[in-house]
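This report concerns only the one structure given below.
The values are calculated or read from the model by the stated rules, or taken from the named source; none is laboratory data. The structure presented is a predicted model; accordingly, all values stated were derived computationally and were not measured. Positions of Cβ are backbone-derived with ideal geometry, glycine not excepted, and every protein chain shown enters the neighbour counts. Each accessible area value is taken on the protein alone, full model and side chains, heavy atoms only, with ligands, DNA and RNA left out. Shrake-Rupley method; radii C 1.70, N 1.55, O 1.52, S 1.80 Å.
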Amino acid sequence: MPMIAPKRYYQPERETMPAEQLRELQSRLLVEQVRHVWDNVPYYRDLMEKKGVTPDDIHGIDDISKLPFLSKADLRDAYPYGLLAEPLEKCVRIHSTSGTTGRRVVAFYTQEDIDLWEDCCARAIVAAGGSAEDVCQVSYGYGLFTGGAGLDGGSHKVGCLTIPTSSGSTERQIMFLQDLGATILCCTPSYAAYLGETMKEKGMGPDDIPLKAGIFGAEAWTEEMRRDIENTMGIKAYDIYGLTELSGPGVSFECEAQSGMHINEDHFYAEIIDPNTGEVLPEGTKGELVFTSLDKKAFPMIRYRTRDICVLRREKCSCGRTFLKMAKPMGRSDDMLIVKGVNVFPSQIETVLLNMGYQANYLITVDRVNNSDTLDIDVEMTPEMFSDNLSVISKREKELVNALKGMLGIYARVHLVSPKSITRSEGKAVRVIDKRKLV
Ligand code: DLL
């Protein structure tokens, strides 16, 4: 059979578009999008009127800061149909966020919206080395969650043989990886780590599966976790980012350089703001990520505050893409724990654990006892380090307490627990219990 040369880009004319041309495209799309929401969504019109701005004030992308922000609270207020910008007969699907509290966010799609979204996911798959020759196992959940549907659609567009396993049934996942020779795996990084762990237990190593790449996202993960997964599975692990409000996975994706995710800027315009003041910050500064969907029609998002904290960088990339890059989000502004007045991100704890030979199996519990915050971290020992010798365990716990103090600046009680005692997740991992919020 003739070899099909792997493509570098799915849509080269877009992905390598010169900066000036890209800005012109963004300007044209923004003007149209603002007119579209003004004409069709009273909720947006109200927000704009309150800010004293009309579509006549928006001549191009430089005018974007005149527009009001949209927040998660707005989406809850407008639930379910209040932000719909197309008649229902043009809408063909909904997806919904995985949040368990409050009203869910329900996002609507026209067929064109789905097409655009699948293109974004196809770009990610091609950037990870995918082509029509690949077998792509999609182990993100299918259903209301966008992970399964998005990567499935992208995989079809690239022409991969798609295995829609959805999440769960770990034994079957491994059987398919092996029997059907999957070369690309798509799932959350925590589930990839769990699959790797299960493979190891079965005595399987990287040579037992032909997998070459993983496309992992939907939750924060560290560089240390990436290295762990890459070594266990013998693959290159690529990050992918997105959120339901903006369609799902594929808002941004990593290329072979693995140094930040290229934002699909022809569809999504990114800004970084100070989460407290709303001031737009220069590129390279850490802040809250804000997105405007430039051409999504059923559920347009104008200056949507994601609450994800990260940094944007425009730099020449070795892959040739011209799109802006975003760093791995270091957490959500609403994930950030404030313990004894100190900001703590779960990712900082994860970095310490992985650097010290543990895996990303941990549970953080924050509580308030006698008006003082407490921070407890259950950490699983790996099978290799497992011991029932109490003095060995206590020595290891002390080492961890010291390392965490160095990273966080505060004391955390550490409890080493036996291997596999912390519940594994098939989708997004639950890593924090904040009991202070429960009372
Ligand atoms: O998680 C969409 C998705 C599916 C992305 C599959 C990637 C792969 P939601 O459930 O709406 O959508 O959650 C969106 O998840 O605001 C981030 O806080 C977080 N998130 C998504 N991707 C990443 C990532 C999907 N690569 C929320 N790194 C976002 C860190 C991520 N956090």
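Checking the conditions here, which among Glu283, Glu271 is open to solvent by 40 Å² or more (accessible area, probe 1.4 Å) and charged (D, E, K, R)? Walk me through it before giving the result.
Numbers: Glu271 fails: open to solvent by 40 Å² or more (accessible area, probe 1.4 Å).
Only one candidate passes the filter, namely Glu283.
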Worksheet item: Within the bounds of the stretch 156-172, is there any residue that is open to solvent by 20 Å² or more (accessible area, probe 1.4 Å), in a loop (DSSP other than H, G, I, E, B) and touching a residue at least 60 places away in the same chain (Cβ under 8 Å)?
Response: yes
Worksheet item: When only residues in the stretch 244-266 that are of a type outside the set (A, V, I, L, M) and more than 15 Å from the ligand (Cβ to nearest atom) count, which is farthest from Gly60 (Cα to Cα)?
Response: Glu256
Worksheet item: Taking Ile229 and the conditions (1) assigned to a helix (DSSP H, G or I); (2) in contact with an Asp or Glu (Cβ under 8 Å, 6 or more places away or on another chain); (3) within 14 Å of the ligand (Cβ to nearest atom), which numbered condition does it fall short on, given that it satisfies the others?
Response: (2)
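For residues in the stretch 232-243 being more than 8 Å from the ligand (Cβ to nearest atom) and of a type outside the set (Lys, Arg), which is surrounded by the fewest Cβ atoms within 10 Å (Cβ to Cβ)? Outline the logic, then answer.
Narrowing the stretch 232-243 to residues more than 8 Å from the ligand (Cβ to nearest atom): 232-238.
Add one more test, that the residue is of a type outside the set (Lys, Arg), and what stays is 232-235, 237-238.
On the way: Thr232: 19, Met233: 25, Gly234: 15, Ile235: 23, Ala237: 23, Tyr238: 25.
Filtering first and then ranking leaves Gly234.
Does Arg321 satisfy being at pLDDT below 95 and assigned by TED's automatic domain parsing to the domain that holds Pro80? Full working, then the answer.
Values: at pLDDT below 95: no; assigned by TED's automatic domain parsing to the domain that holds Pro80: yes.
No; evaluated as a whole, the condition is false for this residue.
Take Lys428 and decide whether it is open to solvent by 80 Å² or more (accessible area, probe 1.4 Å), out of contact with any Asp or Glu (no Cβ under 7 Å at 6 or more places or on another chain) and not aromatic (Phe, Trp, Tyr). Spell out the reasoning first.
Working: open to solvent by 80 Å² or more (accessible area, probe 1.4 Å): yes; out of contact with any Asp or Glu (no Cβ under 7 Å at 6 or more places or on another chain): no; not aromatic (Phe, Trp, Tyr): yes.
Answer is no for this residue.
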Discussion item. So in the stretch 289-332, with the set limited to residues that are under 19 Å from Ile61 (Cα atoms), of a type in the set (Ser, Thr, Tyr) and open to solvent by less than 20 Å² (accessible area, probe 1.4 Å), which one is farthest from the ligand (Cβ to nearest atom)?
Written reply: Thr292
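Using the structure shown, decide if Ala107 is in a strand (DSSP E or B), surrounded by 23 or more Cβ atoms within 10 Å (Cβ to Cβ) and within 11 Å of the ligand (Cβ to nearest atom). Outline the logic, then answer.
Values: in a strand (DSSP E or B): yes; surrounded by 23 or more Cβ atoms within 10 Å (Cβ to Cβ): yes; within 11 Å of the ligand (Cβ to nearest atom): yes.
In short, yes.
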Worksheet item: Taking only pairs six or more apart or across chains, which ones have beta-carbon atoms under 6 Å, a first residue in the stretch 130-153 that is over 18 Å from Leu243 (Cβ atoms) and open to solvent by less than 30 Å² (accessible area, probe 1.4 Å), and a second residue that is among the polar types (S, T, N, Q) and within 12 Å of the ligand (Cβ to nearest atom)?
Response: Ser139/Ser167
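Which of the residues spanning the stretch 205-225 are more than 22 Å from Thr423 (Cα to Cα) and either over 12 Å from the mean Cα position of the chain (by Cα) or away from the ligand (no atom under 12 Å from the Cβ) (or both)?
Within the stretch 205-225, the first condition is being more than 22 Å from Thr423 (Cα to Cα), and the residues that meet it are 205-215, 223.
The answer is Gly205, Pro206, Asp207, Asp208, Ile209, Pro210, Leu211, Lys212, Ala213, Gly214, Glu223.
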Worksheet entry | Residue that is nearest to Asp119 (Cα to Cα) [pool: residues in the stretch 246-259 that are open to solvent by 10 Å² or more (accessible area, probe 1.4 Å) and part of a loop (DSSP other than H, G, I, E, B)] | Glu256
Worksheet item: Within the stretch 35-81, how many residues turn out to be of a type in the set (Gly, Ala, Ser) and open to solvent by less than 30 Å² (accessible area, probe 1.4 Å)?
Response: 2
Practice prompt. Would you be able to say whether some residue in the stretch 70-87 is of a type in the set (A, V, I, L, M), touching a helix residue (DSSP H, G or I) at 6+ places or on another chain (Cβ under 8 Å) and without any contact (Cβ under 8 Å) to a residue 40 or more places away in the chain?
Written response: yes
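Restricting to the stretch 293-340, give me the number of residues that are polar (S, T, N, Q) and either assigned to a loop (DSSP other than H, G, I, E, B) or more than 30 Å from Val92 (Cα to Cα) (or both).
Kept after step one, since they are polar (S, T, N, Q), are these residues of the stretch 293-340: 293, 306, 318, 322, 333.
Now drop any that are not either assigned to a loop (DSSP other than H, G, I, E, B) or more than 30 Å from Val92 (Cα to Cα) (or both), which leaves 318, 322, 333.
Selection size over the stretch 293-340: 3.
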Discussion item. Yes or no: the stretch 87-96 includes at least one residue that is within 12 Å of the ligand (Cβ to nearest atom), of a type in the set (D, E, K, R) and over 18 Å from His267 (Cα atoms).
Written reply: no
